[in-house]
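See structure below.
The values are calculated or read from the model by the stated rules, or taken from the named source; none is laboratory data. In this text, all values refer to a predicted model and were calculated from it rather than measured experimentally. Every residue, glycine among them, receives a Cβ derived from its backbone with ideal geometry; neighbour counts consider all protein chains shown.
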Amino acid sequence: MPKRILQGVVVSDKGAKTIVVRVERTFLHPLLRKTVRRTKRYHAHDEANAFKVGDQVQIQECAPKSKLKRWEVVPVAA
């Protein structure tokens, strides 16, 4: 089964090897037919502590690394 990949903005980098990423999604309200924005925060593993607040990152599902971390930062292909 393929792993989900989400894109978002780093909102916290205070944890050791952990960042918090805010992911925003938009959808059409079923009754009002209006575009609605919803955000969710994900704790992601950042092995090198390379990302800072405000950075755009992609995160990918992984096996649980701690109580809250089920995501890891996708390495950028250079």
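Structure values in brief
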| item | result |
| --- | --- |
| Some residue of segment 51-65 being of a type in the set (Lys, Arg), in contact with a Lys or Arg (Cβ under 8 Å, 6 or more places away or on another chain) and under 22 Å from VAL76 (Cβ atoms) | no |
| Index of the failed condition, LEU31 passing every other in (1) of a type outside the set (Phe, Trp, Tyr); (2) in a strand (DSSP E or B); (3) more than 15 Å from the chain's Cα centre (by Cα) | (2) |
| Residues of segment 61-73 satisfying the condition of being crowded, with 16+ Cβ neighbours inside 10 Å and either assigned to a strand (DSSP E or B) or in contact (Cβ under 8 Å) with a residue 60 or more places away in the chain (or both) | TRP71, GLU72, VAL73 |
| Identity of the residue in segment 34-47, touching a residue at least 12 places away in the same chain (Cβ under 8 Å) and outside any strand (DSSP E or B), that ends up surrounded by the fewest Cβ atoms within 10 Å (Cβ to Cβ) | GLU47 |
| Within segment 1-14, considering residues that are modelled with pLDDT of 95 or more and part of a loop (DSSP other than H, G, I, E, B), the one nearest to the chain's Cα centre (by Cα) | ARG4 |
| Those residues of segment 23-33 which are of a type in the set (Val, Ile, Thr) and surrounded by 11 or more Cβ atoms within 10 Å (Cβ to Cβ), in sequence order | VAL23 |
| Residue list for segment 10-22, restricted to those being surrounded by 16 or more Cβ atoms within 10 Å (Cβ to Cβ) and under 16 Å from ARG38 (Cβ atoms) | VAL21 |
| Subset of segment 15-28 [part of a loop (DSSP other than H, G, I, E, B) and on the phi < 0 side of the Ramachandran plot] | GLY15, ALA16 |
